[in-house]
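Encoded as structure tokens, the structure appears first; notes follow it.
The values are calculated or read from the model by the stated rules, or taken from the named source; none is laboratory data. Model, not experiment: these values are computed from the prediction. Here the Cβ positions follow ideal geometry from the backbone for every residue, glycine too, while neighbour counts run over all protein chains shown.
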Amino acid sequence: MPTVNRVVELGLCCGCGTCAGICPTQAIDMRVSSGIYQPRIDAEKCNLCELCIKSCPGHSVDFESLNSSVFGQQPVNSRVGNHLSCYVGHSTNEAIRYNSASGGIATQLLAFAFEKGLIDGALVIRMSRDNPLVPEVFIARTVEEVVAASKTKYCPVAANTGLGQILKEEGRYAVVGLPCHIHGVRKAEQVFKVLRKRIVLHIGLLCSHMVRFEGVDLLVAKLHIPKGSISGLTFRGEGWPGSMSISLSNGSTRRLPLVGSWYAYWPVFSSFFFTPMRCTMCPDQAAELADVSLGDAWLPELKSEKSGESLLIVRTKAASDLLALLNREKAIELRKVSFSKVEQSQFVNLVFKKKDLGARLSTIRKFGVNTPTFHPQPRGSVSPSPWFRMLFMYCNITVSTHKSLRTLLTHVPFPAFRAYYGIYKYLCKI
């Protein structure tokens, strides 16, 4: 398996962009294929150095080796990985908090690190100004650029293409990414020691699965918006849990709530429509190899919260010390929570990523589907429940993968998606 072409052929590419970012001859470029980013290799530039395959998290991740390298120990709790403490918190800057996905901790962390001279750049994502439906990877150099990159992007992002700039330019950097991005960064750090020196902060974002580009296309089509008339798009913000906001060239704006309404858009995606197959093979919901992992604090006591609260899983002393400094200087407010609160907050996603994974992988292998190599290997469940949830998931992935069937989803009303997702939530409890 000399290059990542083989990973793509096996259907194991997660589209993280690590290979393109670290390629010493710049022979790899990420292009959209089947609704996600995948690498394409220029054979004339490729020297078969195999660095791309060594850094690729798509075909394998040795969590045991990486945990030893990053934390010096194996996790006691296999559900969320190594951690020192857990919190719920938010930025005290109300503008950052209100306009972020959940609490604004990631944005505030990076802004504070810039202000204190702790980092020289941050690898982040914004939606392209030229094509607002497409994400743009860049190295932020100012607080203003960090703020402009806030909010979650529910679309494919080849974030690790930005590693190329970090390899070229000296300095101290922070990286922000989903679990697969952090896997790629950590593997690349094993290959390129300079990355281990330059990347001083890894911020992981909790993730259930990615959404293919066709998912956003569906929402736009359901709203009867011509794609050419879109001048801007954000997936979250304006309070919590927030809304998708689509700005049009005529000056008007269309909004769709994330959740909590019969016309919310997330139930379309949480039902696994437009989910890449590779995402169903991932064992990491909580970005277990990050210094600190952040996500929405989906807790009953915060149901009425309108400004946003972040869930924090702090994993390294460096991240713990930095957060303590932010807290002392009143840049953030933190409240320590028990691990059981973390599990409660992420219950449905942990069922998907942890409880069901072993059974899911062993089942799809029987149908000839290639799966990644993980160490330790996920274990299967002996109960019938995972198979019911698996059937729900793969039926929906199949429907949204085929163009003729996908067209039918345009005519399904939003309330039907919300009711349909309720079936999956019920299945998670049995």
Among residues of the range 1-33, those that are surrounded by 16 or more Cβ atoms within 10 Å (Cβ to Cβ), in a loop (DSSP other than H, G, I, E, B) and among the hydroxyl-bearing types (S, T, Y), counted: 1
Mind checking which residues of the range 250-290 are basic (K, R) and in contact with a Leu (Cβ under 9 Å, 6 or more places away or on another chain)? R254, R278
Residue check for S381: modelled with pLDDT of 90 or more, of a type in the set (G, A, S) and surrounded by 12 or more Cβ atoms within 10 Å (Cβ to Cβ): no
Of all helices (runs of 4 or more DSSP H) fully inside the range 55-118, the set with 2 or more residues that are in contact with a Pro (Cβ under 9 Å, 6 or more places away or on another chain), within 23 Å of C14 (Cα to Cα) and at pLDDT 95 or above is 63-71
Do we find that S338 is of a type in the set (G, A, S) and closer than 30 Å to L256 by Cβ in this structure? no
Could you run through the range 272-322 and say how many residues are of a type in the set (G, A, S), crowded, with 24+ Cβ neighbours inside 10 Å and farther than 24 Å from S362 by Cβ? 7
Looking at the range 313-338, which of the residues that are in contact with a Leu (Cβ under 6 Å, 6 or more places away or on another chain) and part of a strand (DSSP E or B) is farthest from R79 (Cα to Cα)? I332
Considering residues that are in contact (Cβ under 8 Å) with a residue 40 or more places away in the chain and either outside any loop (DSSP other than H, G, I, E, B) or aromatic (F, W, Y) (or both), the number found within the range 34-54 is 6
Counting just the residues of the range 286-307 that are modelled with pLDDT under 95 and among the small types (G, A, S), which one comes out nearest to the chain's Cα centre (by Cα)? S307
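Table: residues versus (1) among the aliphatic types (A, V, I, L, M); (2) surrounded by fewer than 17 Cβ atoms within 10 Å (Cβ to Cβ); (3) touching a residue at least 12 places away in the same chain (Cβ under 8 Å).
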| position | (1), (2), (3) |
| --- | --- |
| R79 | no, yes, yes |
| L84 | yes, yes, yes |
| S91 | no, no, yes |
| Y98 | no, no, yes |
| T107 | no, no, yes |
| A111 | yes, no, yes |
| R141 | no, yes, yes |
Anything in the range 163-172 that is closer than 28 Å to S310 by Cα and either of a type in the set (D, E) or surrounded by fewer than 24 Cβ atoms within 10 Å (Cβ to Cβ) (or both)? List them, or say none. R172
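Residues are listed down the side, and each one gets a yes or a no for (1) closer than 13 Å to V88 by Cβ; (2) without any contact (Cβ under 8 Å) to a residue 40 or more places away in the chain:
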{"residue": "L326", "(1), (2)": "no, no"}
{"residue": "K336", "(1), (2)": "yes, no"}
{"residue": "F339", "(1), (2)": "yes, no"}
{"residue": "Q344", "(1), (2)": "yes, no"}
{"residue": "K355", "(1), (2)": "no, yes"}
Just name the residue that is surrounded by the fewest Cβ atoms within 10 Å (Cβ to Cβ) out of those in the range 241-260 that are outside any strand (DSSP E or B) and touching a residue at least 12 places away in the same chain (Cβ under 8 Å). N250
